[in-house]
Amino acid sequence: MGARLLAPEADEVPPFPLEQTVAALAADPPHWPASTTDLRRVRLVLRFSSAGLLRLLGGTAELTVELLDYPGEWLLDLPLLQQSYGDWSRATFALARRGVRAPLARDWLDFLARHPADRTGDPQTALQAYELYRDFLAACRDREQLSLLQPGRFLNPGQIADPSLLQFCPMPLAIGARAPPGSLAALTALNEDLRGEYIRDCQNGVARWNRILDSYGVGRSLHLPHAGFNRKVGLFAGHHIGPSGELLAEAEWRRRAPAWLPTEQDKAYVRSLMKPVYERGKIAAWIAPPRQGINGKPFEYEYVHLS
């Protein structure tokens, strides 16, 4: 029946430019709005009439919806959280040397060929290698409209506190070889920065859920685990750290982990619930059926007729 925009909350997440975005799409001629360059949030209240008893009584209900907008480039960096510098470098070189990327990567690859990874470098050389790699990513985006461009932060750095954290690039490392001084540390720093932002965003969500639980008098609260919990790469790799940050021996970790993480039995049970259903007019038990079909058609309507 209607919607209204809520005032921004007093926290670190700036509001999404909703009015400017709508104005751009409604312009004559319409144009695509500018991309966001940092995390943004918009909160709406949707007012609607209920389909149940409340509707017979002439009542309405409200639903608060919160939308978080992440720059698309940042989402491309999430897989880096579980990759080592060497693995990421090898995957990036494999992509850069084939297809439409190959001619765009020529300047960067030629520069690296003249400056081998196992030789002592200097800050100016490292900066130039980074700039050539960043230009390569920009060319892939602008000339070929490619999307898998990592780290996306190179193209959209956002409000990063220390820009020098981004001044690195992939280096040709053999499997098991040690990274040149500075390279691994640079990726780890980016890794920690990205993960830190993700954790802060999750903590904001947990805090809001705890306020809801408190308002209902539940008497319990939710907590995020320690940053080192169940980490297999980065600064905490090789250590067994519990949810509260306690350092555990391997035997103790193995004994207590089933109480914290899904077991194989848990995963098997979930898979047992997810049975596909192919009969027309039927739906799997683990999916809530829609109240009606597309364009107001009944749920069992045969949208595609196969002869």
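The values are calculated or read from the model by the stated rules, or taken from the named source; none is laboratory data. All values reported here derive from a predicted model rather than from experimental measurement. Note: ideal-geometry Cβ built from the backbone for every residue, glycine included; neighbour counts use all protein chains shown.
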Kindly check whether there is at least one residue in the stretch 121-144 that is among the β-branched types (Val, Ile, Thr) and in a loop (DSSP other than H, G, I, E, B).
-> no
Selection from the stretch 7-33 of residues that are assigned to a loop (DSSP other than H, G, I, E, B) and modelled with pLDDT of 80 or more | 16, 17, 27, 28, 29, 30, 31, 32, 33
Evaluate the following for residue 296: is it exposed (fewer than 10 other Cβ atoms within 10 Å of the Cβ), free of Cβ contacts under 8 Å to residues at least 60 places away in the same chain and over 30 Å from residue 241 (Cβ atoms)?
-> yes
Count, please, the residues in the stretch 240-281 that happen to be assigned to a strand (DSSP E or B) and among the hydrophobic types (A, V, I, L, M, F, W, C).
-> 3
All positions within the stretch 67-98 that are over 26 Å from residue 36 (Cβ atoms), part of a helix (DSSP H, G or I) and touching a Gly at 6+ places or on another chain (Cβ under 9 Å) = 86
